[in-house]
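Here is the structure we will look at.
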Amino acid sequence: MMRGGPMGRGYLTEEEKANRPKVTGPLLKRIFAYLLPYWKQMILILAAIACSALLNLYPSILTGRIIDEGLIARNMGRLIRLILLSLAVTLGANLIGVGQNYLNTWIAQHITFDMRNKMYAHLQRMSQRFFTSNNQGDIITRMTSDIDGVQRVISSTFTSILSNVITLTAALATMYSRNWVLATLGVLIIPLFIIPTRRAGKTRWDLTRESQECNDEINGILNETLSVSGQSLVKLFGKEEYEYQRYKAANSRMIKLNIRESLAGRWFFMIMGTFSSIGPMLLYLVGGILMMQYNQALTVGDITVMVALLSRLYGPVNSLLNIQVEWIRSMAMFTRIFDYFDLPVEIDNAPDAVTPARTDGSVVFSHVDFSYEPERQILFDVSFELKAGKSVAIVGPSGSGKSTIINLIPRLYDSQAGQITFGNVDVKKLDLGFLRKIVGIVSQETYLFNGTIRDNLLYAKPDATEEELIAACKKANIYDFIEKQETGLDTMVGNRGLKLSGGEKQRLSIARVLLKNPALLIFDEATSALDSISEAKIQDAIEPIIQERTSILIAHRLSTILAADEILVVKDGRIVERGVHADLVKLGGVYTELYETQFKKALEAVETAAG
Ligand code: ATP
């Protein structure tokens, strides 16, 4: 089909028309700023484009001299010299074209290189909110296709505008300098040729789109009704005839469209063929009349030059008419990219951010309110204190806001009210890099990069020694497993760690956090999906760690909860109970209920597994 074919590209889709970008001074200025660093190369390109456009026209002009001075004057030497000159000029133009192409690609690649890097760096600074609320596909499309589009614009649209304008001007100037009557005639013929071509192109493009939709519909029907479950539905409801009629109708629409499309093509080629021969004939006729009847100073060569140049006008005029569409498309692309650049960095370093020499890892929440979206508050007046070296377990029903509380500490999100301090400094005043380095999180969903176990561990501490790696793995209770692997630490973990079990992944991520040696360790315990033995291994790993450093645990198992110094019970975004297990369990409130429904069962399961 014709989708994206040379003719199809010349017309905007309805969607593109509706989203036509506003081309403003600042937008152009911004685009220009990306080109500016390459101004020297740009000037070279301009010169190259001008040279090659002019040189390309020259052979047409030489044709006149070949006829007048060589053929008609019967001068063999001159004829050969002119032919050689014409060949040399063509060769020169093409050589310059190669250089121009190279420069073009070079500039376009460099500009998009700059743009990609800038965009990537910018996206890295975007907050968690950006990534949770934007489709990953969209983000990647902007990084790839949109920027590729920009590259195409720079390497082809800009060049094409320039070279077409130059060719057109030079051709017209030459024509007028020879004979204004013939030149004007040539100009008048252009619309005759261009308008029908464009109309035919447009009709064809519309038909193509329509037949594509029709094709999608037919495929839909086939997919739905010829699948196993679709067929059984059709049979059970006795819909065979109905489906047959539906298919037939779509099919006949398709056939009509195809016939019309092919006819539109016929007309198109017919018109193109006719006009491209009518034009020269008209010039010969009028030229002949002028030369024979009015005895104007016209030579055969002059008329031939006119005809040759006439054919050189069509191309540039046609592409300049298409340029508007390309221009709108490219502006839309730039606008989309700049929209991303304009997204504010929500969570950024404060201008007076501090990097303390040391910190004790203590955390204080005072009256913290938080919402992800303005209309729905998630945390209400959360206050608690975690002293250095101590540990606190956060428990509560699913969706109560436990993960949200911990997300606020490394500033994945910022609270709207209240204050959070880390080591007695407001987190919003701490250097972000420092804060995130000093807080270690083992999350429920462990993310591992495709690579070896060692690669994943070194991500936390690139200069870790072999001994440090092994010690961390031993502490995290994963070393037994690693030792059993033939390649040890160099075992591949697979895409996102999929070659490892859930428990192995989590223990590996505990080892990774230990290497980071954080002042505060946050452990978001997996809610489920682990067998009891695997869980017991994680427990064994995590308990001693909790004892020796400041930690916050989102806990679902009694053993983890019991290992903590204090328990906070969260419900609907509020801390509703706090204290130690023995007291809380007697309260008969939220904690007691959680104990009865969750913790006890989990405990029994572990005991059975162990026993
Ligand atoms: P679980 O034990 O199931 O992990 P949780 O107590 O950790 O639950 P949170 O993840 O903190 O609960 O979620 C608290 C509430 O915030 C939920 O109602 C959830 O729908 C909402 N929420 C979580 N993340 C976002 C987000 N990125 N944008 C909007 N709402 C969110």
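The values are calculated or read from the model by the stated rules, or taken from the named source; none is laboratory data. Predicted model only: the values in this text are computed from it and were never measured. Note that we place each Cβ from the backbone using ideal geometry, even for glycine, and neighbour counts take in every protein chain shown. All accessible areas refer to the heavy atoms of the entire protein, side chains included, with ligands and DNA or RNA removed. Shrake-Rupley method; radii C 1.70, N 1.55, O 1.52, S 1.80 Å.
Details
- On the stretch given as region 520-534, residues that are open to solvent by less than 20 Å² (accessible area, probe 1.4 Å), at pLDDT below 90 and away from the ligand (no atom under 16 Å from the Cβ) total 1.
- Scanning region 19-37 for residues that are open to solvent by less than 60 Å² (accessible area, probe 1.4 Å), under 11 Å from Thr335 (Cβ atoms) and part of a helix (DSSP H, G or I) turns up Leu27, Ile31.
Yes/no matrix, rows are residues, columns are (1) part of a helix (DSSP H, G or I); (2) in the same structural domain as Lys390 (by TED's automatic domain parsing); (3) touching a strand residue (DSSP E or B) at 6+ places or on another chain (Cβ under 7 Å):
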| residue | (1), (2), (3) |
| --- | --- |
| Leu508 | yes, no, no |
| Ile533 | yes, yes, no |
| Ile538 | yes, yes, no |
| Ile546 | yes, yes, yes |
| Ser551 | no, yes, yes |
| His556 | no, yes, no |
| Val569 | no, yes, yes |
| Arg578 | no, yes, yes |
| Ala582 | yes, yes, no |
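- Test: residue in region 231-245 that is closer than 27 Å to Arg199 by Cα, among the β-branched types (Val, Ile, Thr) and part of a helix (DSSP H, G or I): no
- Of everything in region 549-581 that is touching a Lys or Arg at 6+ places or on another chain (Cβ under 8 Å) and open to solvent by 30 Å² or more (accessible area, probe 1.4 Å), the residue that is nearest to Thr592 (Cα to Cα) is Glu566.
- Filter pass, Phe237 being surrounded by 15 or more Cβ atoms within 10 Å (Cβ to Cβ) and aromatic (Phe, Trp, Tyr): no
- Consider region 435-459 and keep the residues that are open to solvent by less than 30 Å² (accessible area, probe 1.4 Å) and farther than 17 Å from Ile406 by Cα. The one that is nearest to the chain's Cα centre (by Cα) is Leu448.
- Strands (runs of 3 or more DSSP E) wholly inside region 362-456 that include at least 2 residues being in contact with a Gly (Cβ under 6 Å, 6 or more places away or on another chain), over 29 Å from Ile482 (Cβ atoms) and within 10 Å of the ligand (Cβ to nearest atom): 376-386
- Considering only residues in region 118-138 that are assigned to a helix (DSSP H, G or I) and open to solvent by 80 Å² or more (accessible area, probe 1.4 Å), the one that is nearest to the ligand (Cβ to nearest atom) turns out to be Thr132.
- Output for region 457-478, where each listed residue is more than 27 Å from Thr355 (Cβ to Cβ) and not in a helix (DSSP H, G or I): Ala476, Asn477, Ile478
- Residues satisfying the stated conditions in region 266-288, i.e. of a type in the set (Gly, Ala, Ser), closer than 16 Å to Ile194 by Cβ and surrounded by 14 or more Cβ atoms within 10 Å (Cβ to Cβ): Ser276, Gly279
- Residue match in region 126-141 (condition: among the aromatic types (Phe, Trp, Tyr) and in contact (Cβ under 8 Å) with a residue 24 or more places away in the chain): yes
- Any hit, region 60-77, residues being within 27 Å of Arg336 (Cα to Cα), outside the structural domain of Ala200 (by TED's automatic domain parsing) and open to solvent by 30 Å² or more (accessible area, probe 1.4 Å): no
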